[in-house]
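Each remark here refers to the structure printed beneath this line.
The values are calculated or read from the model by the stated rules, or taken from the named source; none is laboratory data. These numbers come from a predicted model, not from an experiment. So basically every Cβ, Gly included, is an ideal-geometry build from the backbone, and we count neighbours across all protein chains shown. SASA here: full protein model, heavy atoms, side chains in, ligands and nucleic acids out. Shrake-Rupley method; radii C 1.70, N 1.55, O 1.52, S 1.80 Å.
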Amino acid sequence: MTPDLPTIWSWLDEVPDPEIPVISVVDLGIVRDVAWQGDTLEVAVTPTYSGCPATSVIAMDIETALHDRGVRNVKIRTQIAPPWTTDWLSDKGRAKLAAYGIAPPSPAGGPEACPHCGSALLTRVSQFGSTPCKAHWRCDACLEPFDYFKCI
Amino acid sequence: MTDRAALFEYLLRLGDSTLILGHRVSEWCGHAPALEEDIALANTALDLIGQTQMWLGLAGEVEGAGRSADDLAMLRDVWEFRNLLLVEQPNGDYGKTILRQCLFDAFHFELLTELTHARDDRIAGIAAKALKEVTYHLDRSSETVIGLGDGTEESNARLQAALDLLWPYVGEMFAADAVDAAMHKSGIAPDLAVLRSRFDTRIDAILTEATLTKPDSAYAQSGGKTGFRHSEHLGHMLTQMQWLQRAYPGATW
Ligand SMILES: [Zn+2]
């Protein structure tokens with residue numbers, strides 16, 4: 001029997017992002033479309049950053065997860081337009097990021113609050129961080145460093 | 001030159017400039033003056049190499065001879081590269097690296113902004129993707145140039161020396177030739193004269209704030225984007241970058 005699309009989406013929502021495993025690839029907003037083409041399931045994936053090394057791992061993880069659920073033919077299509085934006089992060093994903101200690105993106109260009117203590121007294125340490133999608137900040141209240149998910 | 005040949009050349013120029021600068025910047029990996037700078041440079045290099053994959057991937061498609069982005073990057077020799085001379089210049093000290101980055105970013109930002117309206121969806125799509133990353137690069141490089149230029153006597157002197165050395169490579173970015181004209185005519189590439197005036201406005205503001213003096217010579221080196229004459233540095237770089245594919249042809253991960 002062919003699984004319906006809502007079921008497929010719920011499966012994909014269980015595939016973790018390889019670099020920030022608390023959120024799923026669906027939370028990240030990179031799965032743009034899922035459709036059956038005959039007996040092949042086509043999944044459109046938009047890369048976050050063009051050189052992000054996680055992109056090929058993500059494609060492999062999605063394929064593996066679907067194969068494990070019995071979907072035999074999976075085709076991953078890379079879709080670059082429109083470009084990925086942090087507006088596509090789900091609300092669930094944003095909440096999970098904050099709980100994990102990563103400040104979610106904010107259009108103001110910097111974090112709204114320290115993910116540890118909630119203070120708004122913050123200093124930017126570096127515009128870049130441990131992965132292309134993050135920057136490095138420090139809280140001036142609790143003095144803890146933290147990652148900020150860059151807003152693009 | 002056919003339209004397809006001109007498009008292929010144009011895509012090589014885009015992809016080769018991001019490739020060569022990406023590789024140059026990656027040479028700092030593990031050697032930058034501060035950990036944060038090391039990470040910033042590695043991330044910038046990663047973006048540029050990612051953009052290269054898209055540009056050279058499309059170039060291979062347009063050429064139609066079965067060459068992949070990897071083939072184009074790793075199996076061509078110096079005279080087949082179409083990158084700007086600016087990006088092949090050695091890293092020098094940190095001041096020179098960041099000033100080179102700022103000059104390229106300011107050009108790259110204006111170019112990509114225009115290419116998002118290209119009359120070719122593939123090019124417009126890649127440009128829109130790359131522009132988001134390059135906006136961030138320009139933010140950082142211009143901020144750092146201002147910080148170092150308007151910094152200590154030592155940092156100011158180094159930035160000024162870098163500017164004097166690199167300025168003759170600025171002109172090539174805006175010098176239109178037959179390929180640029182053909183691409184402009186087919187609604188893909190922007191008018192480089194318009195780009196130049198936007199670049200000048202931005203760079204003038206950055207240099208003023210950085211208390212640096214723009215050299216008043218209009219002399220421009222050329223030969224990179226046409227492949228007519230690269231500087232000696234490119235060949236040395238390729239021996240590093242292409243070593244593995246040259247020594248073990250067809251090797252894969
Ligand atoms: Zn705090």
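Can you confirm whether region B:159-167 contains a residue that is crowded, with 23+ Cβ neighbours inside 10 Å, within 11 Å of chain A (Cβ to nearest Cβ) and not polar (S, T, N, Q)?
Within region B:159-167, none of the residues are crowded, with 23+ Cβ neighbours inside 10 Å, within 11 Å of chain A (Cβ to nearest Cβ) and not polar (S, T, N, Q).
Under the condition of being closer than 16 Å to B:HIS137 by Cα and out of contact with any Lys or Arg (no Cβ under 8 Å at 6 or more places or on another chain), which residue from region A:131-152 is farthest from the other protein chains (Cβ to nearest Cβ)?
A:CYS151
How many residues are in a loop (DSSP other than H, G, I, E, B) and acidic (Asp, Glu) if we restrict to region B:201-219? Step through it out loud before you land on a result.
Keep residues of region B:201-219 that are in a loop (DSSP other than H, G, I, E, B), which gives B:210-219.
Those still in the list that are acidic (Asp, Glu) too: B:216.
Residues in region B:201-219 being in a loop (DSSP other than H, G, I, E, B) and acidic (Asp, Glu): 1 in total.
Which residues, taken from region A:70-99, are more than 14 Å from chain B (Cβ to nearest Cβ), away from the ligand (no atom under 16 Å from the Cβ) and outside any loop (DSSP other than H, G, I, E, B)? Spell out the reasoning first.
Applying the first criterion (more than 14 Å from chain B (Cβ to nearest Cβ)) to region A:70-99 yields A:70-76, A:89-99.
From what's left, away from the ligand (no atom under 16 Å from the Cβ): A:70-76, A:89-96.
If the condition is that a residue be more than 14 Å from chain B (Cβ to nearest Cβ), away from the ligand (no atom under 16 Å from the Cβ) and outside any loop (DSSP other than H, G, I, E, B), then A:ASN73, A:VAL74, A:LYS75, A:ILE76, A:ASP91, A:LYS92, A:GLY93, A:ARG94, A:ALA95, A:LYS96 are the ones that fit.
Suppose the filter is under 17 Å from the mean Cα position of the chain (by Cα) and not in a strand (DSSP E or B); does A:ALA108 pass it?
Numbers: under 17 Å from the mean Cα position of the chain (by Cα): no; not in a strand (DSSP E or B): yes.
Answer is no for this residue.
Could you check, for region B:82-103, whether at least one of its residues is in a helix (DSSP H, G or I) and more than 20 Å from B:GLU27 (Cα to Cα)? Spell out how you get there, then give the answer.
At the first step, the residues of region B:82-103 found to be in a helix (DSSP H, G or I) are B:85-88, B:94-103.
Then drop every residue that is not more than 20 Å from B:GLU27 (Cα to Cα), which leaves none.
No, because not a single residue in region B:82-103 is in a helix (DSSP H, G or I) and more than 20 Å from B:GLU27 (Cα to Cα).
Looking only at region A:100-126, how many residues end up being within 18 Å of B:LYS132 (Cα to Cα) and either open to solvent by 70 Å² or more (accessible area, probe 1.4 Å) or within 10 Å of the ligand (Cβ to nearest atom) (or both)?
2
Using the structure shown, decide if B:ASP139 is assigned to a helix (DSSP H, G or I), away from chain A (no Cβ under 14 Å) and open to solvent by 10 Å² or more (accessible area, probe 1.4 Å). Walk me through it before giving the result.
Numbers: assigned to a helix (DSSP H, G or I): yes; away from chain A (no Cβ under 14 Å): no; open to solvent by 10 Å² or more (accessible area, probe 1.4 Å): yes.
When the stated conditions are applied, B:ASP139 does not pass them.
In a loop (DSSP other than H, G, I, E, B), in contact with a strand residue (DSSP E or B) (Cβ under 9 Å, 6 or more places away or on another chain) and among the aliphatic types (A, V, I, L, M), is that true of A:VAL125?
It is false that A:VAL125 is in a loop (DSSP other than H, G, I, E, B), in contact with a strand residue (DSSP E or B) (Cβ under 9 Å, 6 or more places away or on another chain) and among the aliphatic types (A, V, I, L, M).
In the set B:ALA205, B:ALA193, which member is of a type in the set (A, V, I, L, M), under 19 Å from the mean Cα position of the chain (by Cα) and open to solvent by 40 Å² or more (accessible area, probe 1.4 Å)? Full working, then the answer.
Numbers: B:ALA205 fails: under 19 Å from the mean Cα position of the chain (by Cα).
One residue alone meets the criteria, B:ALA193.
Filter region B:21-72 for residues that are buried (at least 19 other Cβ atoms within 10 Å of the Cβ), away from chain A (no Cβ under 11 Å) and under 21 Å from B:PRO249 (Cα atoms) and give the result.
Once the filter is applied, which keeps residues that are buried (at least 19 other Cβ atoms within 10 Å of the Cβ), away from chain A (no Cβ under 11 Å) and under 21 Å from B:PRO249 (Cα atoms), region B:21-72 yields B:HIS23, B:LEU56, B:GLY60, B:ALA69, B:LEU72.
Taking B:ASP180 and the conditions (1) assigned to a helix (DSSP H, G or I); (2) modelled with pLDDT of 95 or more; (3) under 27 Å from B:LEU41 (Cα atoms), which numbered condition does it fall short on, given that it satisfies the others?
(3)
So in region A:128-141, with the set limited to residues that are within 12 Å of the ligand (Cβ to nearest atom) and assigned to a strand (DSSP E or B), which one is nearest to B:ILE39 (Cα to Cα)? Walk me through how you get there before you give the answer.
Filtering region A:128-141 down to residues within 12 Å of the ligand (Cβ to nearest atom) leaves A:137-141.
If we keep only those that are assigned to a strand (DSSP E or B) as well, we get A:137-139.
Numbers: A:TRP137: 14, A:ARG138: 16, A:CYS139: 20 Å.
Once the filter is applied, the top-ranked residue is A:TRP137.
Being in contact (Cβ under 8 Å) with a residue 12 or more places away in the chain and either within 8 Å of the ligand (Cβ to nearest atom) or under 16 Å from B:LEU46 (Cβ atoms) (or both) is the filter here, so list the residues in region A:142-152 that pass it.
The initial filter retains those residues of region A:142-152 that are in contact (Cβ under 8 Å) with a residue 12 or more places away in the chain, namely A:142, A:144-152.
Once the filter is applied, which keeps residues that are in contact (Cβ under 8 Å) with a residue 12 or more places away in the chain and either within 8 Å of the ligand (Cβ to nearest atom) or under 16 Å from B:LEU46 (Cβ atoms) (or both), region A:142-152 yields A:CYS142, A:GLU144, A:PHE146, A:LYS150, A:ILE152.
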